[in-house]
Amino acid sequence: MTELYWDPFDPTIDLDPYPLWRRMRDEQPVYHNDKLGFHALSRYADVEAACRDPRTFSSAYGTVLELMTSEPMGGGMMLFTDPPAHTTLRTLVSRAFTPRRIALLEDYVRALCAELLEPHVGGGGFDYVQDFAVQLPSRVISELIGVDPADREEVREEIDRAFHIEEGRGVVNEVSFAAMMRLHAYFCDQVEARRRSPRDDLMTALVEAEVSTGEGVRRLTTGEAADFAGLLVSGGTETVARLLGWACALLAAHPGQRAALAADPSLLRNAVEEILRYEAPSPVQGRTLTREVRLHGTTIPAGAKVLLLTGAANRDERVFAGADRFDVRRHFDGHLAFGLGIHFCLGAALARLEGRVGLAETLRRFPVWDVDHERAARLHSSTVRGYDRLPIVL
Ligand code: HEM
C-alpha cells in the first residue's frame with residue numbers, strides 16, 4: 001500500500017481526489033500534512049460536527065488555505081468572522097438578502113439563459129463553461145446587487161479579473177488583488193449613492209437594514225456594505241460556474257439520466273442536489289482551532305489549521321449508500337456542499353435556482369451533447385474545483 005499523501009494544491013490529485021479521500025476517511029480520519037502544516041477531516045460526521053462548532057473551529061483566521069493567517073484577519077468579511085461579529089453581520093445582510101428577493105430573480109435568470117444559449121441552437125457546439133456557465137452567475141449577481149446597466153460590462157470584466165489564477169500562486173496574485181480593490185471602490189461609491197437617493201434594490205436594502213445590539217441600533221458602514229457586495233461576487237460567481245460545468249460533464253457521462261431529466265424537468269431539483277453532492281464546487285473549507293481537540297485517538301493542538309473536506313464527506317459510505325454512484329433520483333436528507341451551521345451558504349437558494357433553471361433551459365434546447373475531453377481544461381485552487389473550459393459537440 002502506498003503512503004497516503006494528499007495535497008490540495010496538486011493539480012494531478014485534483015483531477016480525481018476521491019480514491020485518496022476514501023483512504024483518508026478509512027485509514028486516517030484525522031489526516032496530517034507535515035509539509036503544508038494542516039490537518040484534514042474527511043468523514044461526514046466529523047465535518048458536520050466541526051461546522052456546527054464555530055467556537056472551536058474558528059473562521060476568523062481565514063478559510064482558504066493559501067490565505068490563512070496566524071492572527072485574526074479583522075475586517076467585515078462575514079465568511080472570515082466568528083460570533084458575535086458574524087451574528088450581527090449575518091442578521092443585517094439577511095434583512096436585505098431575502099428569499100423573496102431571490103425568488104424574484106427567476107424570470108431574469110430564465111431570460112438570461114435564453115439569451116446566452118439561443119445563439120448556439122443549430123450550431124455544431126460551444127464551450128459550455130466559458131460561453132454559458134461563467135457568464136450567467138456574474139450577470140445575475142450584477143442584477144441582484146443593482147449594478148447600473150451602463151456599468152455591467154465593466155463590472156463583469158472586473159469580476160473575471162478578480163478570479164485570475166496564476167501558476168504556483170493560485171488566486172493570490174496582483175491581477176486579482178487589483179481587480180478586487182477596484183470593485184470595492186466601485187461598490188463604496190454605489191453604496192454612498194444609495195444613501196443619497198434610495199432605490200428598490202439590494203444595495204439600498206443593505207444600507208437601510210438595522211439590528212439592535214447591546215450598544216444600540218446598528219447599521220452597516222459603507223465599507224461593510226461594499227465588503228458584502230464583494231463577498232456576493234466572490235462567493236456567487238466561481239462556484240455557480242463550476243456547478244453548471246459539473247452538471248454538463250456528468251449528464252454527458254450519464255445519457256440515460258440526462259434523457260430522464262429532459263423528459264421530466266420536475267426531477268431537476270433533486271438532480272441539482274445530487275450534482276452538488278457528487279462534485280462539490282467548493283470541496284474544502286479551512287478553520288483554525290481555538291483549543292486542543294482529541295479525535296479518533298489523535299490530538300490536534302490549539303492554533304492548528306484544519307481543513308474540512310466537505311467534498312470527501314459527501315462521498316462517505318457511512319452516510320450515502322453507493323456514494324460513488326451518480327444518481328439523480330437518489331433520496332437523501334442533505335449534503336455538505338453548501339457547508340453547515342452558522343456559515344451555511346447564504347446564496348444557496350440562488351445557486352439552486354441558477355442550477356435548476358440553467359439546466360432546464362439547456363436541456364430544452366440541447367437534449368443531447370458530447371464533451372470534447374481533449375480540449376476541456378480544469379481550473380483549480382485549494383477551495384474551488386471544476387472545469388475552466390468544457391467544449392461540447394452538439
Ligand atoms: C453552487 C454554488 C455555491 C456553492 C457550492 C457555495 C458554497 C459555499 C460554502 C461551502 C460556504 C460555507 C463556507 C464555510 O463554511 O467556510 C458558503 C458560504 C457563503 N456563500 Fe456560497 N456557495 C455557492 C453559491 C453562492 C451564491 C450564489 C452566493 C451569493 C449570491 C453565495 C454567497 C455566500 C456567502 C455570502 C457565504 C458566507 C456565509 C457566512 O459566512 O455566513 N454562495 N458558500
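Counting heavy atoms of the protein chains alone, residue 27 has an accessible area of about 90 Å² for a 1.4 Å probe.
According to the Cα-based calculation, Rg over Rh for segment 11-393 is 0.95, with Rh computed by the Kirkwood formula. Sequence-distant contacts, meaning Cα pairs under 8 Å at least 6 residues apart, place the relative contact order of segment 92-207 at 26 percent.
For residue 306, the residues 5 or more places off, or on other chains, whose built amide H falls under 5 Å of its own are 39, 287, 288, 289.
Comparing 49, 360, 205 in a Gaussian network model of the chain, where Cα atoms under 10 Å apart are tied by springs, the biggest mean-square fluctuation is seen for 49.
Taking the accessible area of the chain, probe 1.4 Å, and keeping the other protein chains in place, the carbon and sulfur fraction comes to 53%. Have a look at 44, 128, 186 and tell me which one the Gaussian network model of the chain (Cα, springs below 10 Å) gives the largest fluctuation. In the Gaussian network model the winner is 186. Here the relative contact order of the chain, from alpha carbon pairs under 8 Å that lie six or more residues apart, stands at 26 percent. For segment 118-163 and segment 272-333, compute the distance between their C-alpha centroids and round to whole Å. Segment 118-163 and segment 272-333 have Cα centres separated by 31 Å.
For segment 1-86, what is the accessible area per residue in Å² when the probe is 1.4 Å? If you can, show how the numbers build up before the last one.
Working: 4170 Å² over 86 residues.
About 49 Å² of surface per residue is accessible.
Around residue 206, what is the net charge, scoring Lys/Arg as +1 and Asp/Glu as -1 over all other residues with Cβ under 10 Å from its Cβ?
Details: positive: 95, 194, 219; negative: 201, 208, 224.
Computed value for this residue: 0.
Per-residue accessible area (protein heavy atoms, 1.4 Å probe) orders 385, 352, 291 as 291, 352, 385, starting from the largest. When 35, 305 are compared by accessible area of protein heavy atoms, the largest-first order is 35, 305, using a 1.4 Å probe.
The values are calculated or read from the model by the stated rules, or taken from the named source; none is laboratory data. Not measured: the values here are computed from a predicted model. Virtual Cβ from ideal backbone geometry, glycine too; neighbours counted across all protein chains shown. Quick note on the areas: whole protein, heavy atoms, side chains included, nothing else; ligands and nucleic acids left out. Shrake-Rupley method; radii C 1.70, N 1.55, O 1.52, S 1.80 Å.
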